[in-house]
Amino acid sequence: MASGMNRSLGLLFALLLSSTLCAQKTIWSHAVGNWRNGPVVYITPLIETSEAVTTPQLLADYRTLFPALSEVQDLDVLRFATPEEGNDSRTILKAKYGMRKLEVVMLEPPVIEDRKEE
């Protein structure tokens, strides 16, 4: 009986460990701001992230990285398994909002300055 219990505990531990490791999988994400009614819809570039990062964390990151999003009320985060899927999403969303006659701004990646000691 103890051997069966040890086997069950070992299996449970392996499942928990594998689900924890899977939760760290690399994914890609982009955000869409003012997506309901504009007047200007903002679409961010893709960022590399992890399945472990929560939506509130991503929203905070997007607002920090892209100042244009700091005051946006309707901000949504989309996640993708591959960069190709994410870029396809950006292209499709730009076309959809354009058909609704909304201005679409494709935000540029943030510039990260390399500070060197002088």
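The values are calculated or read from the model by the stated rules, or taken from the named source; none is laboratory data. In this text the structure is predicted, and so the values were computed from the model without any measurement. Note: ideal-geometry Cβ built from the backbone for every residue, glycine included; neighbour counts use all protein chains shown. Accessible surface areas use protein heavy atoms only, side chains included; no ligands, DNA or RNA. Shrake-Rupley method; radii C 1.70, N 1.55, O 1.52, S 1.80 Å.
Can Ser29 be described as touching a Lys or Arg at 6+ places or on another chain (Cβ under 9 Å) and modelled with pLDDT under 95?
Answer is no for this residue.
Would you call Lys96 open to solvent by 90 Å² or more (accessible area, probe 1.4 Å) and either at pLDDT 95 or above or touching a Ser or Thr at 6+ places or on another chain (Cβ under 6 Å) (or both)? Steps first, please.
On the way: open to solvent by 90 Å² or more (accessible area, probe 1.4 Å): yes; either at pLDDT 95 or above or touching a Ser or Thr at 6+ places or on another chain (Cβ under 6 Å) (or both): yes.
Criteria met by Lys96.
Under 8 Å between Cβ atoms, at least 6 apart or on separate chains: pull out the pairs that start in segment 48-62 with a residue that is among the hydroxyl-bearing types (Ser, Thr, Tyr) and end on any residue that is open to solvent by less than 50 Å² (accessible area, probe 1.4 Å) and assigned to a helix (DSSP H, G or I).
Once the first residue is among the hydroxyl-bearing types (Ser, Thr, Tyr) and sits in segment 48-62, its partners that are open to solvent by less than 50 Å² (accessible area, probe 1.4 Å) and assigned to a helix (DSSP H, G or I) give Thr49/Leu58; Tyr62/Leu69.
With respect to the numbered conditions (1) surrounded by 10 or more Cβ atoms within 10 Å (Cβ to Cβ); (2) modelled with pLDDT of 95 or more, which one is the sole condition not fulfilled by Cys22?
Status for Cys22: all satisfied but (2).
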